[in-house]
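K.L.:
Structure incoming, see below.
The values are calculated or read from the model by the stated rules, or taken from the named source; none is laboratory data. Everything numeric in this text was worked out from a predicted model, so none of it was measured. We place every Cβ from the backbone using ideal geometry, glycine too, and count neighbours over all the protein chains shown.
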Amino acid sequence: MAFERICSLDQVPANSAIEVVVRDEPYAICNVNGQITALYGLCPHVGGPLGQGRVSSNGRLSCPYHEWEFDCATGKNPYMSTVSVPVFPVKVEGEDVLAELP
């Protein structure tokens, strides 16, 4: 896999998330205090759009449907160790956010 441009840095304000769709798959792009991460964009609970969720001050992304939380850096649910979403490598080059996506 190769890194590809997925959005501009200014599209992801501090302590927020956005949804991007690449090859018909949704991804949640998070900015936690300047650290950009990419997670698979569907909540494993009922398929809620994680990229439309809210990033908390502790770096967790909440699903907008039922508030299931996922750590933006690891994709892990802090309350259920068996629940997580995939996380993908990200790098920032200038104003471009690039990710290594399947």
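K.L.:
Please indicate, with yes or no, whether at least one residue in the stretch 71-81 is hydroxyl-bearing (Ser, Thr, Tyr) and without any contact (Cβ under 8 Å) to a residue 12 or more places away in the chain.
P.N.:
yes
K.L.:
Let me ask something additional. Pull up the stretch 48-68, narrow it to residues that are over 16 Å from Glu19 (Cα atoms) and not polar (S, T, N, Q), then point me to the one that is surrounded by the most Cβ atoms within 10 Å (Cβ to Cβ).
P.N.:
Within the stretch 48-68, the match that is surrounded by the most Cβ atoms within 10 Å (Cβ to Cβ) is Trp68.
K.L.:
Still on this structure: Is it true that some residue in the stretch 71-80 is part of a strand (DSSP E or B), at pLDDT 95 or above, touching a strand residue (DSSP E or B) at 6+ places or on another chain (Cβ under 9 Å) and crowded, with 18+ Cβ neighbours inside 10 Å?
P.N.:
Yes, the conditions are met somewhere in the stretch 71-80.
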